[in-house]
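Colleague: Structure below; questions to follow.
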Amino acid sequence: MLGSFAVLIVALAFWWSSRSPSSVEVPLPTAALPTGPSSPIAPSGSPSSPVPAIGYAFLATRPDGSPYRWNPCAPIRYVVNTSGAPAGALTDVQEAARRVSSATGISFEFAGTTSETLAQRRSAGYVISTPEGSAWAPVLIAWASGPEFQALGYDPAAVGAGGPFPGEAEVGQTTGRYVSGLVALNSGTNPPPAEGFSTPTSWGVVLMHDLGHVVGLAHVEDPTQIMAAGLTQPRTVTDWGAGDRRGLALVGRQAGCLQAVPRS
């Protein structure tokens, strides 16, 4: 059942706050996400999952080394819950999605605003009912207060967390493809990030980082990349680095179309 696998792939953002750089981790279901023989599964940033020093990295790979990814020939639909969000949040989300789309070749389709909360998505799973039958839920992007963010299992010092959800072919296995996901943002961050994309810590750049996780990229330890883990020096960039762009291309349209993932 999908409910038993409703756990995000760990790819959660390292964004520094007024205290110190910190990470957010969610346990990864070891049976559900096989990787290549030399890539043991582990939460991003843990001791058994070393962060590459430069370039790009994938959240999960298949035995042949190819990354788990979305079908790039179908749009990634997303919804936004702006409750508790800053005034320019929707504009920042749409621009961040445009930047990921430009780098991957994957179309991002805004499916509207929603009242669905992070807690509801985490508990309900990633399948929704439609007049045509069941469907994979769109990616949910939502803000939570500091206490709510912490109650969901995230580090209260973090600004954001994001990851994809893999479709299941059978119990305990996945197709190696992503079909949904979630981005959680901490509205209790103090001081709050600036709106837009003007600084490496602004909301727009946080959203780029977390949507990078949603399409399949993991952390790297190169501060010139948006996907930097924040484990060394603070990043200084506000747009994709060369490693980011290469990784995004490899999970994007240039890798070719995939068949639809069956819903169970």
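The values are calculated or read from the model by the stated rules, or taken from the named source; none is laboratory data. A quick note: this is a predicted structure, and the numbers were derived from the prediction, not measured. Virtual Cβ from ideal backbone geometry, glycine too; neighbours counted across all protein chains shown. Heads up: the accessible areas ignore ligands, DNA and RNA and are worked out on the full protein's heavy atoms, side chains in. Shrake-Rupley method; radii C 1.70, N 1.55, O 1.52, S 1.80 Å.
Colleague: Which ranges mark the strands (runs of 3 or more DSSP E) fully within the stretch 56-162 that have 3 or more residues being open to solvent by 10 Å² or more (accessible area, probe 1.4 Å) and closer than 22 Å to TRP203 by Cβ?
Modeller: Numbers: elements: 76-81, 108-113, 127-130, 133-136, 139-144.
Here the list reads 76-81, 108-113.
Colleague: Something else now. Among LEU207, LEU250, which is at pLDDT 95 or above and crowded, with 22+ Cβ neighbours inside 10 Å?
Modeller: After ruling out the rest, the residue left standing is LEU207.
Colleague: Still on this structure, please answer the following. What number goes with the only condition from (1) over 20 Å from ALA260 (Cα atoms); (2) crowded, with 21+ Cβ neighbours inside 10 Å; (3) β-branched (Val, Ile, Thr) that VAL214 does not pass?
Modeller: (1)
Colleague: Where the second residue is open to solvent by 70 Å² or more (accessible area, probe 1.4 Å) and part of a helix (DSSP H, G or I) and the first is closer than 22 Å to CYS73 by Cβ and touching a residue at least 24 places away in the same chain (Cβ under 8 Å) and lies in the stretch 91-115, which pairs have Cβ atoms under 8 Å and are six or more apart or on separate chains?
Modeller: Pairs found: ALA103/ARG245; THR104/ARG253; GLY105/ARG253; GLY105/GLN254; ILE106/ARG253; PHE108/ARG98; PHE110/GLN94.
The rows are residues; the columns are (1) among the small types (Gly, Ala, Ser); (2) at pLDDT 95 or above; (3) touching a Leu at 6+ places or on another chain (Cβ under 8 Å).
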{"site": "THR113", "(1), (2), (3)": "no, yes, yes"}
{"site": "ILE128", "(1), (2), (3)": "no, no, no"}
{"site": "SER134", "(1), (2), (3)": "yes, no, no"}
{"site": "ALA137", "(1), (2), (3)": "yes, yes, no"}
{"site": "LEU152", "(1), (2), (3)": "no, no, yes"}
{"site": "ALA157", "(1), (2), (3)": "yes, no, no"}
